[in-house]
Amino acid sequence: MSIKSRIRTVQHYPKQGIMFRDITTLLKDPVGFRVTINELVNRYTAAKIDRVIGIEARGFIIGAALAFQLGVGFVPIRKKGKLPAETVGQDYELEYGTDCIEMHVDAITKGDRVLLVDDLIATGGTAIAACKLIEGMGGEILECCFVIDLPDLGGSKSLGRHGQKVFSLCEFEGS
Ligand code: AMP
């Protein structure tokens, strides 16, 4: 069973020239969804993780299912202004301008061993910002995991240079 074969590519979304890697076709397939989560559960089941942290929005789907199966808590990292209680934020660069992600200040405690999860790593900007947030709160990041890596965009290498271990279930060439 191939995870990669169940991911749909939508050309020119959300704009001209982008190949959008759409995991909704993987998630709607009961075998595809189960195999995806099980592969991650097998990888991390012995890892003594305190919390899984997922990045909005598709990181919530994968991260919450994984946390549930591992029997640990789930923490969301959201776009600015979405979380109701006191937050800490981290700005990051986009192609044009900047964006900001946030986490609740009490979401993790110093020394927590966490796993960062998102659906896809491209340039790595989002994941590195998430790592800075977690590190700033004293969290220990065991690994950053993704369903998809786009290695040509260099994000996994950048995350490695930032000192993180990176794991992905499949790769696509190009952007
Ligand atoms: P980046 O910060 O460049 O690594 O972008 C990662 C974030 O953007 C992830 O949350 C992805 O969901 C989304 N993303 C970036 N490029 C794509 C793509 N080609 N297909 C699907 N999602 C993407």
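The values are calculated or read from the model by the stated rules, or taken from the named source; none is laboratory data. Source: prediction; values computed, not measured. Cβ: placed from backbone, ideal geometry, glycine included. Neighbour counts: every protein chain shown.
General observations
- The residues of region 44-57 that are farther than 18 Å from L120 by Cα, in contact with a strand residue (DSSP E or B) (Cβ under 7 Å, 6 or more places away or on another chain) and outside any strand (DSSP E or B), listed by number, are Y44, A47, K48, I49, D50.
- Taken over region 135-168, the criterion of being closer than 28 Å to R34 by Cβ, over 12 Å from the mean Cα position of the chain (by Cα) and more than 10 Å from the ligand (Cβ to nearest atom) is satisfied by I141, L142, P151, Q164, K165.
- Count of residues meeting criterion [surrounded by 14 or more Cβ atoms within 10 Å (Cβ to Cβ), within 16 Å of the ligand (Cβ to nearest atom) and under 21 Å from K157 (Cα atoms)] in region 91-114: 1
- With respect to being outside any strand (DSSP E or B), under 26 Å from R34 (Cβ atoms) and at pLDDT 95 or above, F74 falls outside the description.
- Test: T9 is surrounded by 12 or more Cβ atoms within 10 Å (Cβ to Cβ), within 13 Å of the ligand (Cβ to nearest atom), of a type in the set (S, T, N, Q) and outside any helix (DSSP H, G or I): yes
- Within region 65-87, the set of residues being buried (at least 19 other Cβ atoms within 10 Å of the Cβ) and out of contact with any strand residue (DSSP E or B) (no Cβ under 8 Å at 6 or more places or on another chain) comprises A65 only.
- Annotation note: Cβ proximity below 7 Å between a residue of region 121-145 that is of a type in the set (S, T, Y) and a residue that is within 13 Å of the ligand (Cβ to nearest atom) and part of a helix (DSSP H, G or I) (sequence gap 6+ or interchain) occurs for T123/L153; T123/G155.
Residue-wise test of (1) within 28 Å of H12 (Cα to Cα); (2) among the acidic types (D, E); (3) touching a residue at least 24 places away in the same chain (Cβ under 8 Å); (4) outside any loop (DSSP other than H, G, I, E, B).
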{"residue": "I61", "(1), (2), (3), (4)": "yes, no, yes, yes"}
{"residue": "Q69", "(1), (2), (3), (4)": "no, no, yes, yes"}
{"residue": "D91", "(1), (2), (3), (4)": "yes, yes, yes, yes"}
{"residue": "E102", "(1), (2), (3), (4)": "no, yes, yes, yes"}
{"residue": "L115", "(1), (2), (3), (4)": "no, no, yes, yes"}
{"residue": "S158", "(1), (2), (3), (4)": "yes, no, yes, yes"}
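- Residue match in region 83-96 (condition: β-branched (V, I, T) and within 22 Å of V41 (Cα to Cα)): no
- Failed condition for D152, given (1) touching a residue at least 24 places away in the same chain (Cβ under 8 Å); (2) exposed (fewer than 14 other Cβ atoms within 10 Å of the Cβ): (1)
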